[in-house]
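See below for the structure under consideration.
The values are calculated or read from the model by the stated rules, or taken from the named source; none is laboratory data. Worth saying up front: this structure is predicted, and the values here are computed from it rather than measured. As a convention, Cβ positions derive from the backbone with ideal geometry for all residues, glycine included, and neighbour counts pool all protein chains shown.
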Amino acid sequence: MLFCSTALFFLASCAAPRYGYYEDYPKYETQPKESPKETPAPLEAIYIVASWYGPDFHGKLTSSGEPYNMYANTCAHKEYPFGTKLKVTNIANNKNIECTVNDRGPFIPGRDLDLSYSCAKEIELIGTGTGKVRIEHLGRDMRYIKYIKYSPLGGNGPFTIQIGSYKDLSNATRMKASLEFKYSKVYITEAEISGSKYYRVRVGKFNSKDDAYTLAKTLADEGYNTLIAPYEEKI
């Protein structure tokens, strides 16, 4: 028990983004997306190092916007699109579990996958904290694909892509770090709305909405909330 508590504390202090509350502002127009469906699964198996995270993050928002549930079969990966379904096998005992990627991480060097407490318990990874696993891609739940949204503020450019808006700067900083696994030119701007301060996580600078659309579609397809909005200088 002491080892597990210590491991949990270490993960909580070193691994980064498990988020607080997402402030969705302002209201925006949307484009329709395709009907939910699942993608076929490639057959390749990959060997990586897995860890797990639990009580310290339970109930906090994941990078996909879902609350983290330590008892659900979910996991965090640095690059797989949200909704990716994986079969994870502990090669030390051949126990396996199926889980869905809904978060980003781990943020500790040398680790490739963060399992929920439930998944780690099922394959007996709790005591060791980390272990070598085999992952197999089972497909994807396409319901994680998000709408592309547009700010009603309009303007003639330049434009940017907003991923989230937070009252707590630390939450914005962690979301920025999660995006930087794959994307460059991620920055934070500050706005005051009805006397409250918000920190907005944004990506890129584009001359037109059409230019912004290509990256916005990539981000939305990956499962991020995306808002094409007027560009503002970073803080």
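Can you list residue pairs whose Cβ atoms sit under 7 Å apart, with the first residue in segment 110-129 being not assigned by TED's automatic domain parsing to the domain that holds residue 61 and the second being surrounded by fewer than 22 Cβ atoms within 10 Å (Cβ to Cβ)? Count only pairs 6 or more apart in sequence or on different chains.
So the pair list comes out empty.
So which strands (runs of 3 or more DSSP E) stay within segment 73-192 end to end and still have 1 or more residues that are more than 30 Å from residue 233 (Cα to Cα) and over 17 Å from the mean Cα position of the chain (by Cα)?
84-90, 95-103, 131-141
For residue 219, all conditions in the list (1) closer than 21 Å to residue 62 by Cα; (2) free of Cβ contacts under 8 Å to residues at least 24 places away in the same chain; (3) in a helix (DSSP H, G or I) hold save one; what is the number of the exception?
So residue 219 meets the others, but not (2).
Looking for something within 19 Å of residue 49 (Cβ to Cβ) and of a type in the set (Gly, Ala, Ser) - is there at least one such residue anywhere in segment 157-168?
no
Touching a Gly at 6+ places or on another chain (Cβ under 9 Å), at pLDDT 95 or above and of a type outside the set (Lys, Arg): is that true of residue 101 in this structure?
Yes: the conditions hold for residue 101.
For segment 188-204, does any single residue satisfy the condition of being in contact with a Lys or Arg (Cβ under 7 Å, 6 or more places away or on another chain), free of Cβ contacts under 8 Å to residues at least 60 places away in the same chain and in the same structural domain as residue 83 (by TED's automatic domain parsing)?
no
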